[in-house]
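Visitor: Quick one: the structure is below, questions incoming.
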Amino acid sequence: MMAAAYKRIVVKIGSNVLTQSNGFPDLARIEHLVDQIVTLKKQGKTVVVISSGAVASGRSMISISEKHDAVAARQLLASIGQIKLINTYLSLFEKQQMLCSQVLVTKEDFRDRKHYLNIKSCLSILLKHQVIPIVNENDVVSVTELMFTDNDELAGLVASMLDADALIILSNVDGIYNGNPKSPDATVIREIKRDNDTVSSYISTAKSGSGRGGMVTKLGMAQKVARLGIPVHIANGTRNNVLTDLVEGNVVNTFFVPEKNTSGKKKWIAHSEDSATGVVKLNEGAARALISGQARSLLPVGLLEISADFKKGDIIRLVDENEVLIGLGIAEYGSDKARERVGQKGEKPLVHYNYFYAVG
């Protein structure tokens with residue numbers, strides 16, 4: 001797909017793009033990004049923004065002594081900073097006669113189908129009314145295990161949920177390099193396909209400035225979203241006109257080539273590994289059939305054991321004989337019935353192939 005053909009775009013703006021070296025917000029950069037989003041809107045595109053920067057905004061308003069623990073300090077800064085951040089966006093968009101809105105989410109909101117669809121309908125009504133949603137993790141209540149790895153994970157979820165035409169991740173480098181970005185002979189990998197296994201070996205595990213995640217999480221999320229059928233770009237948000245140039249195909253970036261598009265339900269399942277309840281162990285034949293790439297459902301004859309309980313409609317983890325996760329799926333019936341049918345032929349599928357997502 002030509003970038004210019006993108007109609008619905010999710011743009012993730014990282015902390016390191018929005019923050020100056022002193023840890024305070026870079027207001028000129030934010031204004032320039034808003035101008036570009038307005039330009040895209042005027043071209044008839046729909047834009048959803050996943051924005052970091054609440055903690056940096058809070059830091060510009062209050063100083064907190066070092067003796068507080070990191071979680072409490074983050075909650076304080078995010079709670080104060082989120083208002084400042086959204087007001088910054090609001091006034092900049094209002095100047096251009098456009099409306100933005102605040103959507104704060106936690107990982108919990110994506111765990112069950114009902115919550116997931118609630119967020120989806122909220123974003124849909126905003127987009128229908130030409131509002132630009134500014135989505136961020138609710139850092140005030142999201143602490144430790146409740147947190148997304150970082151906003152890249154959140155961006156991947158939102159892009160999948162809205163079936164976006166593209167996910168653009170803005171970092172402070174031009175893309176994924178085939179070496180250390182600071183090294184003079186390293187160059188940007190312009191295109192990554194699914195079978196490109198060498199890419200992860202290039203990436204430093206170092207964090208990127210003020211953000212929680214590094215390039216490793218960006219790579220993992222980008223590959224996952226591309227596998228679900230959505231084009232992904234990692235580009236340099238500190239470059240002038242990066243968004244408008246990228247959509248015109250005029251900027252160096254790393255492009256993740258999308259595979260065949262998958263259904264909305266499959267996109268939800270793909271991001272639900274953490275919230276899966278039941279665990280089902282499969283025999284070798286069933287495991288092989290499911291990951292063969294052909295449309296195969298999981299029949300009870302392929303079950304070895306039910307290792308953890310679940311109800312009908314739950315997302316369950318499917319593991320092979322060595323307990324290795326091979327996929328996730330929606331259970332067509334509960335674990336009680338599944339136990340009765342283990343190893344039996346001629347029974348209804350436990351997971352229909354339309355609701356199975358192969359991991360890996």
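The values are calculated or read from the model by the stated rules, or taken from the named source; none is laboratory data. Please read these numbers as outputs of a predicted model, since none were measured by experiment. Don't worry about glycine lacking a Cβ; one is built from the backbone with ideal geometry, like all the others, and counts go over all protein chains shown. Just so you know, the surface numbers come from the protein's heavy atoms only, side chains and all, with ligands and any DNA or RNA stripped out. Shrake-Rupley method; radii C 1.70, N 1.55, O 1.52, S 1.80 Å.
Visitor: What number of residues within the range 323-346 are assigned to a loop (DSSP other than H, G, I, E, B), more than 18 Å from Glu273 (Cα to Cα) and not β-branched (Val, Ile, Thr)?
Guide: 6
Visitor: Would it be correct to say that Glu31 is open to solvent by 30 Å² or more (accessible area, probe 1.4 Å), touching a residue at least 60 places away in the same chain (Cβ under 8 Å) and charged (D, E, K, R)?
Guide: yes
Visitor: Filtering the range 278-318 down to residues that are part of a loop (DSSP other than H, G, I, E, B), open to solvent by less than 60 Å² (accessible area, probe 1.4 Å) and touching a Leu at 6+ places or on another chain (Cβ under 9 Å), which residue is farthest from Arg111 (Cα to Cα)?
Guide: Asn283
Visitor: Continuing with the same structure: Restricting attention to the range 221-259, which residues are more than 30 Å from Leu328 (Cα to Cα) and hydroxyl-bearing (Ser, Thr, Tyr)?
Guide: Correct list: Thr238, Thr244.
Visitor: Here is a further query. State which residue pairs qualify: first residue touching a residue at least 40 places away in the same chain (Cβ under 8 Å) and acidic (Asp, Glu) and inside the range 320-339, second residue surrounded by fewer than 22 Cβ atoms within 10 Å (Cβ to Cβ) and not in a loop (DSSP other than H, G, I, E, B) in any location, beta carbons under 8 Å apart, and separation of 6 or more residues or different chains.
Guide: Glu321/Lys281; Glu321/Glu284; Glu321/Leu304; Glu323/Lys281
Visitor: Still on this structure, I have one more. What pairs come up if the first residue lies in the range 347-358 and is more than 17 Å from Phe310 (Cα to Cα) and part of a helix (DSSP H, G or I), the second is open to solvent by 40 Å² or more (accessible area, probe 1.4 Å) and not polar (S, T, N, Q), and their beta carbons are under 6 Å apart, counting only those six or more places apart or on different chains?
Guide: Once the first residue is more than 17 Å from Phe310 (Cα to Cα) and part of a helix (DSSP H, G or I) and sits in the range 347-358, its partners that are open to solvent by 40 Å² or more (accessible area, probe 1.4 Å) and not polar (S, T, N, Q) give Tyr353/Ala295; Tyr353/Arg296.
Visitor: Turning to a different aspect of this structure: Here is a check on your reading of the model: is Val38 within 26 Å of His271 (Cβ to Cβ) and not hydroxyl-bearing (Ser, Thr, Tyr)?
Guide: no
Visitor: Filter the range 153-190 down to residues that are hydroxyl-bearing (Ser, Thr, Tyr) and surrounded by fewer than 16 Cβ atoms within 10 Å (Cβ to Cβ) and give me whichever is farthest from Val232 (Cα to Cα).
Guide: Residue satisfying both the conditions and the ranking: Ser183.
Visitor: For the range 88-101, state whether one or more residues are closer than 30 Å to Ile269 by Cβ, within 24 Å of the chain's Cα centre (by Cα) and modelled with pLDDT under 95.
Guide: no
Visitor: Let me spell it out: the conditions are (1) open to solvent by less than 70 Å² (accessible area, probe 1.4 Å); (2) assigned to a helix (DSSP H, G or I), and Ile134 meets all of them except one. Which number is the exception?
Guide: Result: Ile134 passes all but (2).
Visitor: Within the range 16-28, can one find any residue that is under 19 Å from Val251 (Cβ atoms) and open to solvent by 10 Å² or more (accessible area, probe 1.4 Å)?
Guide: Taking every residue of the range 16-28 in turn, at least one turns out to be under 19 Å from Val251 (Cβ atoms) and open to solvent by 10 Å² or more (accessible area, probe 1.4 Å).
Visitor: Can you name the residue in the range 319-353 that is surrounded by 15 or more Cβ atoms within 10 Å (Cβ to Cβ) and among the basic types (Lys, Arg) and, of all such residues, is nearest to Ala287 (Cα to Cα)?
Guide: Ranking the qualifying residues of the range 319-353, first place goes to Arg341.
Visitor: Which count do you get for residues in the range 99-131 that are touching a residue at least 60 places away in the same chain (Cβ under 8 Å), farther than 21 Å from Glu273 by Cβ and surrounded by fewer than 18 Cβ atoms within 10 Å (Cβ to Cβ)?
Guide: 2
Visitor: From Val141, Val55, Val71, Val105, which residue is among the β-branched types (Val, Ile, Thr) and touching a strand residue (DSSP E or B) at 6+ places or on another chain (Cβ under 8 Å)?
Guide: Exactly one residue qualifies, and that residue is Val105.
Visitor: While we're on this one: Just to confirm my filter: which helices (runs of 4 or more DSSP H) fall fully inside the range 1-117 and include at least 3 residues that are over 19 Å from Thr149 (Cα atoms)?
Guide: In the range 1-117, the matching helices (runs of 4 or more DSSP H) lie at 27-42, 54-59, 70-95.
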